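The structure appears below as structure tokens.
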Amino acid sequence: MNVTVIQFGGSNCDRDTVRALSSIGVDAERVWHTDGLPSETDGIVLPGGFSYGDFLRAGAMAAQSPIMDEIRERARAGTPVLGICNGAQIGCEAGLTPGAFTTNESARFQCEHVHLRVENAGTPWTRQYDEDEVIELPIAHGEGRFEIDDERLEALESDDRILFRYCDAEGNVTPEANPNGSKHAVAGVTGDRDHVAVMMPHPERMSLPDIGGTDGRGVLEAFA
Amino acid sequence: MTEYTATVTVRLEEGVLDPEAETTRQALERLGFELQALRSAEHFEIDLEADDETAAFGRAEEMTERLLANPTIHDYDIAVTER
């Protein structure tokens, strides 16, 4: 698969994402957002970073870039799209995925490892894992608290659109294990169809043995 | 065409946690002030030319819906005045 990793001004995980994808044998290249999607694109990553300095709201500016129209069109046609961290904020702002990621409950930027429980192992992003499996990934965000109204959250849950929830090392979803106050501890969700997904934790930062673990590889395997 | 200023106030919907406002409230209390609650809001002033106030309001509303506010978490008010 040829994965296009979109660079916005202030993206900073684009290179890591390409490297992580290359490590599992996936061809990936970085593309500047105004250059448009290469025609051979058959997978898309919106990488982490601080696009446009998080002006207005994290992801709000990048979500208005014309390349997002192309991405929505490709997503409708079935191309897998993954938003990671700032890419998740962009994905929600652009309407690819539901809800919003807003200021952490702590009102602080948090950079730490978290545990995640796999909620639905039937999506392209999670099929390498078992349901209820616990994985460990890093987070690095100030605006990662998942917010959505109760009714829509219930609909997401009943439609099995939650990818991961924050949990403790044993897989228990507790307030203490929720790093940012996300509603129902949601760490990642899918769009209307499950080939589009966003998540705040960084799978690409846990994909090379040299940097502490490979728990994140399974997510990226969706592009393999 | 008339010149207007549209003042847009964007705030979190009631019930959505506002950690920055909460931190600010606690800081005010540490300074010895007494208060019941504190809410924060963003305020935008948009100068624009339009045929009439309704048209100016409509454009400001579209700008707010498209970018200034995120309808998932925000409410907003718009006030239009002639400049």
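The values are calculated or read from the model by the stated rules, or taken from the named source; none is laboratory data. Computed from a predicted model, the values in this text were never measured in an experiment. Virtual Cβ from ideal backbone geometry, glycine too; neighbours counted across all protein chains shown. Surface accessibility is based on the protein's heavy atoms, side chains included, excluding ligands, DNA and RNA. Shrake-Rupley method; radii C 1.70, N 1.55, O 1.52, S 1.80 Å.
Have a look at A:Phe109, A:Phe101 and point out the one that is surrounded by fewer than 19 Cβ atoms within 10 Å (Cβ to Cβ) and among the aromatic types (Phe, Trp, Tyr).
Numbers: A:Phe101 fails: surrounded by fewer than 19 Cβ atoms within 10 Å (Cβ to Cβ).
Among A:Phe109, A:Phe101, only A:Phe109 is surrounded by fewer than 19 Cβ atoms within 10 Å (Cβ to Cβ) and among the aromatic types (Phe, Trp, Tyr).
List every residue pair whose Cβ atoms lie under 7 Å apart, where the two residues are 6 or more positions apart in sequence or sit on different chains, the first residue falls within the stretch A:92-107 and is more than 21 Å from A:Glu176 (Cβ to Cβ) and at the interface with chain B (Cβ under 7 Å from one of its Cβ atoms), and the second residue, located anywhere, is buried (at least 23 other Cβ atoms within 10 Å of the Cβ) and aromatic (Phe, Trp, Tyr).
So the pair list comes out as A:Gly99/A:Phe146.
Check every one of the strands (runs of 3 or more DSSP E) wholly within the stretch A:91-150 and list those with 1 or more residues that are under 21 Å from A:Ile44 (Cβ atoms).
Values: elements: A:100-102, A:110-118, A:134-141, A:145-147.
Of the strands (runs of 3 or more DSSP E) lying wholly inside the stretch A:91-150, those with at least 1 residues that are under 21 Å from A:Ile44 (Cβ atoms) span A:100-102, A:134-141.
If you take the residues in the stretch A:154-177 that are touching a helix residue (DSSP H, G or I) at 6+ places or on another chain (Cβ under 9 Å) and free of Cβ contacts under 8 Å to residues at least 40 places away in the same chain, which one is least open to solvent (accessible area, probe 1.4 Å)?
That would be A:Thr174.
Just to be sure before I move on: is A:Ala187 modelled with pLDDT of 95 or more, more than 19 Å from A:Phe223 (Cα to Cα) and either crowded, with 21+ Cβ neighbours inside 10 Å or within 14 Å of another protein chain (Cβ to nearest Cβ) (or both) in the structure I sent? Outline the logic, then answer.
Numbers: modelled with pLDDT of 95 or more: yes; more than 19 Å from A:Phe223 (Cα to Cα): yes; either crowded, with 21+ Cβ neighbours inside 10 Å or within 14 Å of another protein chain (Cβ to nearest Cβ) (or both): yes.
So A:Ala187 passes the test.
Can you confirm whether the stretch A:127-136 contains a residue that is within 14 Å of chain B (Cβ to nearest Cβ) and of a type in the set (Phe, Trp, Tyr)? Working first, answer last.
Step one: filter the stretch A:127-136 for residues within 14 Å of chain B (Cβ to nearest Cβ), giving none.
Scanning the stretch A:127-136 turns up no residue that is within 14 Å of chain B (Cβ to nearest Cβ) and of a type in the set (Phe, Trp, Tyr).
Residues being touching a residue at least 24 places away in the same chain (Cβ under 8 Å), open to solvent by less than 60 Å² (accessible area, probe 1.4 Å), within 14 Å of chain B (Cβ to nearest Cβ) and at positive phi: count how many of those fall in the stretch A:21-60.
Residues that pass the stated criteria total 2.
Give all pairs with beta carbons closer than 8 Å in which a residue from the stretch A:1-15 that is modelled with pLDDT under 95 meets a residue that is assigned to a strand (DSSP E or B); count only pairs at least 6 apart in sequence or on separate chains.
A:Met1/A:Asp27; A:Met1/A:Gly43
Residue check: is A:Arg145 within 14 Å of chain B (Cβ to nearest Cβ), more than 22 Å from A:Arg30 (Cβ to Cβ) and open to solvent by less than 60 Å² (accessible area, probe 1.4 Å)? Before the answer, list the steps.
Values: within 14 Å of chain B (Cβ to nearest Cβ): yes; more than 22 Å from A:Arg30 (Cβ to Cβ): yes; open to solvent by less than 60 Å² (accessible area, probe 1.4 Å): yes.
So A:Arg145 passes the test.
All but one of (1) open to solvent by less than 20 Å² (accessible area, probe 1.4 Å); (2) more than 19 Å from A:Glu93 (Cα to Cα) hold for A:Leu208; which doesn't?
That leaves (1) as the condition not met.
Return the only residue of A:Val118, A:Val81 being in contact with a Ser or Thr (Cβ under 8 Å, 6 or more places away or on another chain) and among the hydrophobic types (A, V, I, L, M, F, W, C). Quick ask: steps written out before the conclusion?
Numbers: A:Val81 fails: in contact with a Ser or Thr (Cβ under 8 Å, 6 or more places away or on another chain).
On inspection, the qualifying residue turns out to be A:Val118.
Has the stretch A:61-78 got any residue that is surrounded by 21 or more Cβ atoms within 10 Å (Cβ to Cβ), without any contact (Cβ under 8 Å) to a residue 60 or more places away in the chain, in contact with an Asp or Glu (Cβ under 7 Å, 6 or more places away or on another chain) and not in a strand (DSSP E or B)?
There is at least one residue in the stretch A:61-78 that is surrounded by 21 or more Cβ atoms within 10 Å (Cβ to Cβ), without any contact (Cβ under 8 Å) to a residue 60 or more places away in the chain, in contact with an Asp or Glu (Cβ under 7 Å, 6 or more places away or on another chain) and not in a strand (DSSP E or B).
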